[in-house]
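Input: a single structure, listed below in structure tokens.
The values are calculated or read from the model by the stated rules, or taken from the named source; none is laboratory data. Since the model is a prediction, treat every value here as computed from it, not as a measurement. Reconstructed Cβ throughout: ideal geometry from the backbone, glycine too, with neighbour counts over all protein chains shown.
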Ligand code: PMP
């Protein structure tokens, strides 16, 4: 039996470079919000993979469209050619985008698009004859990816442990996080409080040394789905505009309908100069990220050195953009953003009702179909569990056993907060599936803390 189990767990002879302290069930197929493994076990994918599978698993409509494109042409060099699918995806996304964002580029991962966004801002300041504008303000908590620039911008200290100095031009400011703000009336005073902190950062660094400000409109994996306080991004946008600082919205996780609007920036009053998408954009049917920028900024580059100096092998590759276009068509045909908004309200309501009364649940937060739960040792003092107890890791393992898959890699990791977990099911989830998800989660938490 052991041997049979081994071969199910490590079918390729265990040669992948990965964490070997855990077992990895072999997934054979998926359908909608469910995944199935080689033993026939069914999982409810409450994290859409890594908040990726927006249109659900095994989506035949999407796959057929991608298949058609792959048979025609899968790859062309983006510096020589373009393709209809790429052009269509660009124009359709720009038509949906916040005003002014009328130019798009496509890359493979969120990290790559974040790198490109920051390089875009840096190049623009050099073209403008202000090369001293080198710094980028990022927020903590916040996550922007795992390549060097993106990681430098990320408030995830444990990811950085082994990799020497990060980029020195990154400056951080505190991001709003209601449960730990210390404010009595967060909705009323949150914007004022956190904008003041940003102003202090600007004063300390000197606004004219800052190239760009980057933020997730709704903070994802580093804070378990934390939306901003009312008015925050309106004021941040205005402040950055006052000093000419370029604003970058990282919607890799919260974009593409997850919050109940296609662009989370619009929902929360953020008017960015550069917008980055990933994950849900292709729903996992191909690696795909996007960068949306302003025409006038591109014009400045054209008049200067000629173009934005960034190319990669898979830039605008049709195998990727076909997935984006097929997914976008699926969104429109099924009115998926409106569905996500509707089911999202039900999800948020049900989660709070079922979880807040449970032991050790400090906070339930989120918007649309992304939500986070913070667990604490003591809900009245909000004191976190000691790090060494790894409570959320064990809880997630228990829920996994029960067939519920959650996002497992969250938390500030510096001991300033409790244990976080995050939920972000496929946007195609139904109300009945939300009820199943919440009930399984609540039962699992109850049992675990008994
Ligand atoms: N930005 C945000 C907000 C993210 O959540 C992530 C991934 N979790 C990234 C960037 C990086 O994307 P990728 O892992 O595709 O490089």
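In contact (Cβ under 8 Å) with a residue 12 or more places away in the chain and away from the ligand (no atom under 12 Å from the Cβ), is that true of residue 159? Write out each step before concluding.
Details: in contact (Cβ under 8 Å) with a residue 12 or more places away in the chain: yes; away from the ligand (no atom under 12 Å from the Cβ): no.
So residue 159 fails the test.
Please list, ordered by residue number, the helices (runs of 4 or more DSSP H) wholly in the range 108-206 having 1 or more residues that are more than 30 Å from residue 284 (Cβ to Cβ) and assigned by TED's automatic domain parsing to the domain that holds residue 236.
Details: elements: 110-127, 148-152, 157-160, 186-205.
Because the criterion is at least 1 residues that are more than 30 Å from residue 284 (Cβ to Cβ) and assigned by TED's automatic domain parsing to the domain that holds residue 236, the helices (runs of 4 or more DSSP H) in the range 108-206 that meet it are 110-127, 186-205.
So which of 269, 244 ends up being away from the ligand (no atom under 15 Å from the Cβ) and either in contact with a helix residue (DSSP H, G or I) (Cβ under 6 Å, 6 or more places away or on another chain) or at pLDDT below 95 (or both)? Please lay out each step first, then the result.
Values: 244 fails: either in contact with a helix residue (DSSP H, G or I) (Cβ under 6 Å, 6 or more places away or on another chain) or at pLDDT below 95 (or both).
Exactly one residue qualifies, and that residue is 269.
With the requirement that a residue be touching a strand residue (DSSP E or B) at 6+ places or on another chain (Cβ under 6 Å) and farther than 22 Å from residue 199 by Cβ, what does the range 128-148 give you?
144
If we keep just the residues of the range 22-38 that are in contact with a helix residue (DSSP H, G or I) (Cβ under 7 Å, 6 or more places away or on another chain) and touching a residue at least 24 places away in the same chain (Cβ under 8 Å), which is farthest from residue 57 (Cα to Cα)?
By that ranking, first place goes to 38.
In the range 88-104, is there at least one residue being surrounded by 20 or more Cβ atoms within 10 Å (Cβ to Cβ), under 30 Å from residue 199 (Cβ atoms) and within 16 Å of the ligand (Cβ to nearest atom)? Spell out how you get there, then give the answer.
Within the range 88-104, the first condition is being surrounded by 20 or more Cβ atoms within 10 Å (Cβ to Cβ), and the residues that meet it are 89-90, 93, 97, 101, 104.
Now restrict to residues that are under 30 Å from residue 199 (Cβ atoms): 97, 101.
Then drop every residue that is not within 16 Å of the ligand (Cβ to nearest atom), which leaves none.
No, every residue in the range 88-104 fails to be surrounded by 20 or more Cβ atoms within 10 Å (Cβ to Cβ), under 30 Å from residue 199 (Cβ atoms) and within 16 Å of the ligand (Cβ to nearest atom).
Under the condition of being within 13 Å of residue 171 (Cα to Cα) and without any contact (Cβ under 8 Å) to a residue 40 or more places away in the chain, which residue from the range 187-237 is nearest to the ligand (Cβ to nearest atom)? Give the derivation first.
Step one: filter the range 187-237 for residues within 13 Å of residue 171 (Cα to Cα), giving 197-207, 209-215.
Adding the requirement that they be without any contact (Cβ under 8 Å) to a residue 40 or more places away in the chain leaves 197, 200, 203-204, 206-207.
Numbers: 197: 21, 200: 25, 203: 27, 204: 26, 206: 27, 207: 25 Å.
The selected residue is 197.
Each row is one residue, and each column tells you yes or no for (1) within 13 Å of the ligand (Cβ to nearest atom); (2) at pLDDT below 95; (3) touching a helix residue (DSSP H, G or I) at 6+ places or on another chain (Cβ under 6 Å).
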position: 262; (1), (2), (3): no, no, yes
position: 280; (1), (2), (3): yes, no, no
position: 289; (1), (2), (3): yes, no, yes
position: 292; (1), (2), (3): no, no, no
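Please go through the range 112-138 and give me each residue that is within 15 Å of the ligand (Cβ to nearest atom) and either at pLDDT below 95 or under 23 Å from residue 174 (Cβ atoms) (or both), ordered by number.
114, 117, 118, 136, 138
Exactly one condition in (1) closer than 25 Å to residue 210 by Cβ; (2) modelled with pLDDT of 95 or more is not met by residue 96; state its number.
Exception for residue 96: condition (1).
Take residue 311 and decide whether it is surrounded by fewer than 17 Cβ atoms within 10 Å (Cβ to Cβ) and at pLDDT below 95. Break it down stepwise before answering.
Values: surrounded by fewer than 17 Cβ atoms within 10 Å (Cβ to Cβ): yes; at pLDDT below 95: yes.
Against the criterion (surrounded by fewer than 17 Cβ atoms within 10 Å (Cβ to Cβ) and at pLDDT below 95), residue 311 qualifies.
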